[in-house]
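**Q** Got a structure for you, questions after.
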Amino acid sequence: MKKRARERPFPVSQTALRAKAAVWLRSAAVVLVPVFLLAAWHFGDVWRGIAETGHVWQAGVYLALAAAALGGLGLLGWLILVPGEAASWRPGWLLGKQNPSSGKPDSLSRQSYRRLERIYPAAGLLLGMLYLAVLPPLSAPDEISHYVSACQLSSRILGQPSNDRFGRVLLRPQDAWVEDLDGTFAYEADEDGNLQVIPETLGAGRKLCAVLDESAYQMLWELRGGRQYAPERLASLNGALVSSTYPPVVTTPLAYVPQAMGMVLARLLGMKTLGLMYLGRVGNLLFFVLMTWLAMGRLPFGKEVLFGVALLPMTLHLSASLSYDVMILGCMFLFTAVCLDLAYEKERAGIGDIGLLMVLMAVCGPCKLIYAVMMGLCLLIPVRKFGGWKGWALAAAAVGGAWAVAMYVVNSQVVASYVTETETYVGWAGEPGYSMLYLAHHPVRLVRMFYQTLLWQSEWYHLTMIGAYLGSLDEVLNVPYLAVAAFTLGLLELAFKKPGEHIRMSLVQRVWVMVVCGLCVAAAMFSMLIACTPLSSWVIDGVQGRYFLPFLPVLLMAYKNRMVVLTRDRSRKVLYWMCCLNGFVVLRLFSVICMRL
């Protein structure tokens, strides 16, 4: 019997291939050419810095960075803007119009585009690695404290000493230099043989990347290849563990699992300090991309909005750092996605869904109390999906109880101190601060502080949410205002209703989402009023726009309405423009740091 010939998939038509190539070439001409020209312009800035320092290696690194950025953006343009390869193998009648002479497609339908959740990991990893390369370890907000906390957890995982008898985190002797670049610390051994910094020498210590300038780049370049910083100082420590001068963050250790796992790998491989920090950052970036990918896949709508928020400079900067903001962002993105999926897509809330919500809230809750308000999104889920009021009450008690137990175990003493203290002292200002008892007796003062803060600090919140100032909110490491405005307009275009799009949220539900997000803002302001605002201040100190990123996606989704309807769906073009803007941002930042002498 004659064997049947194996069926082959429908061949790719030349017309379809030309159409795909034309789409990619147009995007390259419109977007990549300006990025290339700006990269060439900022190479002149890098060279001006080299003329002052003589560090020619920076030119090679910049060119490699520009090549990686442009090559990566070219790949992302193909993934985002060009219809997927699989679509071109389908019969022509599924693709739209056909060429009468060949019966093959001469156009590609919108449905043939790759799904956003399949594209996001490439975008998140590529852009995150670019930010990781340009903004080195300990340059992110409060990253030194997060570094110490991750080191503590990595030691516990390896079964090694993590804290001294006073509770301070123990660092490897080869890692102690990051807190004292100039070698001004003097040490003395405690009863266990661990080295403690003599208090009289503490004030002169300078940590790594306290100011991110050209000298920081030069130091990292000299330490490439696993070299040890100040090896003569390491020899003087005689292999003893050193107590850190920075306290660990008081929160759940789960917030540092991704960073600590990267550090564990680095320690098992015998890496020095830079390898330890960079692998910790890579672990955090991988976790963030994974959680955002899971959230994007679970969302019933608004995937492009979450994609856009994940492309903001501040989000990318945090995702490639050692900050526990990565855990908060990942958990809240996925929590939002599960709530919206149960509210608008899934027919019934299962035990696994409730368990996932419990875990996410229990992990995120102790990191920042203010995001407990996000549990209000659970009220979007109809009672019938729990099988009635009894099932709804049990689910609500389970999620709320998981958060409450986690808070009690981790933060009960901190919360109790805020509630019971009658007088507070703000260390950075050297002045008395606000207490809950004081605010209870002065409600008008509380309202006035909120009002004045919203009037005078809203611009700051917006800029620091998008990422106008990166590093430790360093105004020199700025994202130009035009780029900030472009990112903002891009988010709004992603949020508004597209032609033919169905609005899933009712007016009441949209208002409720805005109320929940508003309460998160109020909670952030109130917590900073008590924690770090002196009585002499006329606005609330300490609130940063990055605190709003966890609920920004759902807030933008609630903006969708029937009054503002876009004439065309440009979501993919907007997302690609945002990717290219990030390419420009990282190249400009590198040139700024090279000139910062």
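The values are calculated or read from the model by the stated rules, or taken from the named source; none is laboratory data. The shown structure was predicted, so the numbers you read here are calculated from the model rather than taken from an experiment. Cβ atoms come from the backbone with ideal geometry, glycine included; neighbour counts cover every protein chain shown. Only protein heavy atoms, including side chains, enter the accessible area calculation; ligands, DNA and RNA are left aside. Shrake-Rupley method; radii C 1.70, N 1.55, O 1.52, S 1.80 Å.
**Q** In the calculated pair distance distribution of the chain, what percentage of Cα-Cα distances lie above 46 Å? Working shown, then result.
**A** Numbers: 37374 of 177906 pairs.
The answer is 21 percent, as a whole percent.
**Q** Find which of PHE333, ALA230, TRP293 sits farthest along the positive direction of the dipole of the chain, computed with +1 on the beta-carbon of Lys and Arg, -1 on that of Asp and Glu, about the Cα centre.
**A** Positive-most Cα among the choices belongs to TRP293.
**Q** Still on this structure: Work out how much length LEU454 to LEU223 would gain on full extension: take 0.36 nm times their residue separation and subtract the Cα-Cα distance, in nm to one decimal. Before the final figure, lay out the partial values.
**A** Numbers: separation 231, 0.36 × 231 = 83.16 nm, distance 4.52 nm.
Gain on extension, LEU454 to LEU223, equals 78.6 nm.
**Q** With charges only on Cβ, +1 for K and R and -1 for D and E, what is the dipole size of region 399-510 about its Cα centre, in debye, rounded to 20?
**A** Working: 6 positive and 8 negative charges, 121 e Å.
So the dipole magnitude of region 399-510 works out to roughly 580 debye.
**Q** Over region 222-315, what percent of the accessible surface lies on carbon and sulfur atoms, probe 1.4 Å? Mind showing how you got there, number by number?
**A** On the way: 2430 of 3570 Å².
With neighbouring chains kept in place, the figure for region 222-315 is 68 percent.
**Q** Relative contact order of region 448-583, please, whole-number percent, based on alpha carbon pairs below 8 angstrom and at least 6 residues apart. Please list the in-between numbers first.
**A** On the way: 126 pairs, mean separation 52.7, N = 136.
Value for region 448-583: 39 percent.
**Q** For region 382-499, what size does the Cα cloud have along each of its three principal axes, sorted from largest down, in whole Å?
**A** Extents along the principal axes, in whole Å: 55, 52, 30.
**Q** Kindly express, to the nearest 10 degrees and within the range 0 to 90, the angle between helix 273-298's C-alpha long axis and the longest C-alpha principal axis of the chain.
**A** The answer is roughly 40 degrees.
**Q** How large is log10 of I(q)/I(0) for region 465-556 at q = 0.15, 0.17, 0.22 Å⁻¹ when the intensity is taken from the Debye formula with one equal scatterer per alpha-carbon?
**A** -0.80, -0.95, -1.18
**Q** If the rule is a partner Cβ under 4.7 Å, which cysteines in the chain fail it?
**A** Result for the chain is CYS151, CYS209, CYS339, CYS367, CYS378, CYS517, CYS520, CYS532, CYS579, CYS580, CYS594, no neighbouring Cys Cβ within the cutoff.
**Q** If you add up the charges near GLY44, with Lys and Arg at +1 and Asp and Glu at -1, over every other residue whose beta carbon is less than 15 angstrom from its beta carbon, what do you get? Kindly include the intermediate steps, with their values, before the conclusion.
**A** Numbers: positive: ARG48, ARG588; negative: ASP45, GLU52.
Once positives and negatives cancel, what remains is 0.
**Q** A further question on this structure: Skip the ligands, DNA and RNA, and give the accessible area per residue of region 114-210 with a 1.4 Å probe, whole Å². If you can, show how the numbers build up before the last one.
**A** Details: 3730 Å² over 97 residues.
Accessible surface, normalised per residue, equals 38 Å².
**Q** Restricting to DSSP loop positions (anything but H, G, I, E, B) with no more than 13 other Cβ atoms inside 10 Å of their own Cβ, which trypsin sites (Lys or Arg not before Pro) remain in region 109-156?
**A** Values: sites: ARG110, ARG114, ARG115, ARG118, ARG156; in loops: ARG114, ARG115.
Listed in order of number, the matching sites are ARG115.
**Q** With everything on Cα atoms, drop me the angle between helix 57-81 and the longest principal axis of the chain, reported from 0 to 90° to the nearest 10.
**A** Approximately 40 degrees, to the nearest 10.
**Q** Evaluate the relative contact order of region 418-515 (contact order divided by residue number), counting alpha-carbon pairs under 8 angstrom at least 6 apart; express in whole percent. Present the calculation step by step, with values, prior to reporting the outcome.
**A** Details: 53 pairs, mean separation 11.8, N = 98.
Relative contact order of region 418-515: 12 percent.
**Q** With a 1.4 Å probe and all protein chains left in place, how much of the accessible area of region 481-544 comes from carbon and sulfur atoms, in whole percent? Intermediate results must be reported in sequence, preceding the final value.
**A** Numbers: 2020 of 2710 Å².
That fraction is 74 percent.
**Q** Does anyone have the angle between helix 351-364 and the longest principal axis of the chain? Alpha-carbon axes, 0 to 90°, nearest 10?
**A** Once rounded, the angle reads 40 degrees.
**Q** Give the relative contact order (percent, whole number) for the chain; include only Cα pairs under 8 Å separated by 6+ residues. If you can, show how the numbers build up before the last one.
**A** Details: 875 pairs, mean separation 108.5, N = 597.
After rounding, I find 18 percent.
**Q** For the pairs LYS303/LYS368; LYS272/LYS303; LYS303/LYS385; LYS346/LYS560, note any where the Cα-Cα span goes beyond 28 Å. Intermediate values should be presented prior to the final figure.
**A** Working: LYS303/LYS368 25 Å; LYS272/LYS303 40 Å; LYS303/LYS385 23 Å; LYS346/LYS560 21 Å.
Violating the 28 Å Cα-Cα cut-off are LYS272/LYS303.
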